[in-house]
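Every number in this text was worked out from the coordinates using simple rules, so none of it is lab data. Treat the numbers as computed from the prediction; the structure is a model and nothing was measured. All Cβ positions, glycine included, derive from the backbone under ideal geometry; neighbour counts span all protein chains shown.
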Amino acid sequence: MLVLFETPAGFALFKVLDEGKLSQIEDLWKEFSSTDSARKVVKLKAFDKFENTAEALSAATLLIDGKPSKGLRKFLKAHCPGEKLAVADSKLGNAIKEKLQIDCVHNNGVMELMRGIRSQLTELISGLGSQDLAPMSLGLSHSLSRYKLKFSPEKMGKVGKKLDVDFIISTGDNFYDDGLTGINDPAFEQSFTNIYTSPSLQKKWFNVLGNHDYRGDVLAQLSPELRQRDSRWICLRSYIVNTEIADFFFVDTTPFQDKYFHEKDHTYNWRGVLPRQKYLSNLLKDVDRALEESKAKWKFVVGHHTILSAGHHGNTQELVDHLLPILEAHNVDLYINGHDHCLEHISSPDSELQFMTSGGGSKAWRGDVKDWNPNELKFYYDGQGFMSMQLTKTKLNVKFYDLFGNVLHNWTKVKPSLDLYSSS
């Protein structure tokens with residue numbers, strides 16, 4: 001079996017030396033703990049280096065849609081006759097099989113193998129240094145975050161400059177497809193530090209974990225060592241950010257979903273979460289108590305998963321059952337989430353709570369929208385973009401932007417000043 005591995009510098013083909021290890025998914029990462037042990041699992045067979053950034057950008061753009069470029073097809077024809085090919089994307093595998101009649105494999109074992117290769121990449125590819133893996137222009141990076149390629153951090157930076165933002169919030173799935181391999185994973189720079197370079201974005205980034213982050217070394221994203229590499233990065237499981245007029249409550253939503261504990265196609269890193277029921281019980285108690293004690297004029301809760309959504313994933317029933325009643329009981333103003341790859345605003349039928357989905361910084365799911373009461377679905381956009389919030393003591397303004405920085409939806413909420421109720 002051969003492994004197709006994408007890098008910013010070109011395509012690599014690795015020969016799997018011991019296919020039996022792919023069945024030992026839980027322990028596969030141990031085989032890549034050192035360069036010597038990694039070389040007993042895979043060996044570089046061929047490398048096709050991009051001639052320039054334009055070629056790299058063209059190839060990566062096609063990969064977003066699951067299509068092999070002309071150069072990749074030629075490369076595979078030359079080196080893969082009679083071989084089975086492991087790929088990181090099932091859609092790409094189907095296209096390769098259809099066009100080149102090469103049998104492709106995409107499963108959990110393959111993804112674990114990819115993660116291992118990535119952790120030892122510069123050692124496994126002779127002559128390829130870390131400088132060759134630096135992101136190319138327009139935010140080009142390796143397969144881990146190729147879905148962000150068409151998204152424009154520059155436009156986000158321009159809006160940030162115009163609004164003079166104080167901080168940035170990430171709604172999770174910070175590193176596609178399988179989180180970080182460890183604290184030294186180059187994906188941290190390639191998908192964060194070297195992507196969001198606009199001066200206006202050199203502020204604190206408050207992050208929550210998404211389900212894709214839990215597929216990697218989840219403790220790496222929580223490590224203070226990442227803050228030493230980039231002081232903007234702040235990521236904890238659940239935490240509170242207090243500002244002068246608002247409190248932001250960040251909630252770890254992935255452990256709520258039952259399906260992640262029964263998936264066969266992916267492995268999740270549950271360190272620090274088990275036993276699950278105790279973890280969730282404590283988390284809900286903490287959120288309930290924190291919201292009750294908050295004296296802030298505005299209360300916002302941020303989580304990765306949807307509570308209500310007309311998008312691909314739809315409602316998250318576990319959050320509807322367990323988290324939503326707490327938010328409504330404490331008059332939370334906004335629940336802000338990612339997960340669905342769209343921009344969306346839903347108004348609660350039962351309270352003042354508004355649901356804002358800002359998941360458009362990744363690959364958008366065009367046309368994937370469910371029927372919804374138009375009185376509740378205030379806005380839905382199935383393309384890429386981002387969201388901003390401007391806040392005073394009495395006024396909240398939310399805007400959604402497309403990837404060009406154009407305003408798509410503008411919503412405002414006004415609260416009366418407390419001074420109106422004070423005695424003279």
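Calculate the tail of P(r) for segment 333-410: the fraction of all Cα-Cα distances greater than 15 Å, expressed in %. In whole percent, the long-distance tail amounts to 55. Normalising the Debye intensity of segment 220-262 to I(0), with uniform scatterers on Cα atoms only, and taking log10 at q = 0.15, 0.17 Å⁻¹ returns -0.55, -0.66.
Dipole size of segment 7-69 about its Cα centre, with +1 on Lys/Arg Cβ and -1 on Asp/Glu Cβ: approximately 200 debye, rounded to the nearest 20. Phi-derived couplings, Karplus 6.51 cos²θ - 1.76 cosθ + 1.60 at θ = phi - 60°, listed residue by residue for segment 264-271: 9, 8, 9, 10, 10, 9, 9, 4 Hz, with x used for Gly and Pro. Sequentially through segment 211-225, phi angles give Karplus couplings (6.51, -1.76, 1.60; θ = phi - 60°) of 5, 5, 5, 6, 7, x, 7, 5, 5, 5, 5, 8, 6, x, 5 Hz, Gly and Pro residues having no value and appearing as x. In terms of the Cα gyration tensor, with a ≥ b ≥ c the square roots of its eigenvalues, is segment 228-308 rounded because a/c is under 1.5, prolate because a/b exceeds b/c, or oblate? Taking the square roots of the gyration eigenvalues as a ≥ b ≥ c, segment 228-308 is prolate.
Relative to the compact-globule estimate of 2.2 N^0.38 Å, the Cα radius of gyration of segment 266-424 comes out at 1.13. Electrostatic bookkeeping for residue 415 treats Lys and Arg as +1 and Asp and Glu as -1; over the other residues with beta carbon under 9 Å from its beta carbon, the sum is +3. When the charge dipole of the chain is built from unit charges on Cβ atoms (+1 for Lys and Arg, -1 for Asp and Glu) and taken about the Cα centre, the candidate among 10, 168, 274 whose Cα reaches farthest toward its positive end is 10. The string of couplings for segment 11-18 from the Karplus curve (6.51, -1.76, 1.60, θ = phi - 60°) is 9, 10, 10, 10, 8, 7, 7, 9 Hz, one whole number per residue in order, with x for Gly and Pro. Amide H to amide H, with H built 1.01 Å from N, residue 378 comes under 5 Å of 345, 346, 347, counting only residues 5 or more places away or on other chains. For a straight C-alpha distance cut-off of 19 angstrom, the lysines reachable from residue 67 (same-chain residues fewer than eight places away being disregarded) are 49, 77, 84, 91, 97, 99, 148, 150, 363.
Charges were assigned to the Cβ only: +1 to each Lys and Arg, -1 to each Asp and Glu. The resulting dipole of the chain about its Cα centre is roughly 960 debye.
Amide H to amide H distances under 5 Å link residue 7 with 12, where only residues 5 or more positions off or on other chains count and H is placed in the peptide plane. Within the shell defined by Cβ-Cβ distances under 13 Å, the residues around residue 317 carry a net charge of -2, with Lys and Arg each +1 and Asp and Glu each -1. Gain on full extension, evaluated as 0.36 nm per residue between residue 158 and residue 271 minus their Cα-Cα distance, stands at 36.8 nm. Near residue 67, once Lys and Arg are set to +1 and Asp and Glu to -1 for all other residues with Cβ below 11 Å from its Cβ, the sum equals +1.
Placing a pseudo-label 7 Å from each Cα along the Cα-to-Cβ vector at residue 404 and residue 103 gives an inter-label distance of 4.8 nm. A simple spin-label model places pseudo-atoms 7 Å from Cα toward Cβ; at residue 288 and residue 376 they are separated by 2.4 nm.
Entry note: the chain has Rg to Rh equal to 0.99, where both radii use alpha-carbon atoms and Rh is the Kirkwood radius. For segment 71-117, the Cα gyration tensor yields ellipsoid semi-axes of 19, 11, 9 Å (square root of five times each eigenvalue, largest first, whole Å).
With the simple spin-label model, which puts each label point 7 Å out from Cα in the Cβ direction, the residue 228 to residue 67 separation comes to 4.6 nm. The sum of -39500 (n - 2.57) across all DSSP H runs of n ≥ 4, divided by the residue count of the chain, sets its helix-only mean residue ellipticity at 222 nm to -7000 deg cm²/dmol. Tell me whether segment 183-293 comes out rounded, prolate or oblate; compute the Cα gyration tensor, take square roots of the eigenvalues as a ≥ b ≥ c, and use a/c under 1.5 as the rounded threshold. Note, shape of segment 183-293 comes out oblate. Taking 56, 296, 86 as the candidate residues, the one with maximal mean-square fluctuation in a Gaussian network model of the chain, Cα springs under 10 Å, is 296.
Between 342, 80, 235, the residue with the greatest mean-square fluctuation in the GNM of the chain (Cα pairs under 10 Å linked by springs) is 80. Ranking of 236, 209 by neighbouring Cβ atoms within 10 Å, starting from the fewest: 236, 209.
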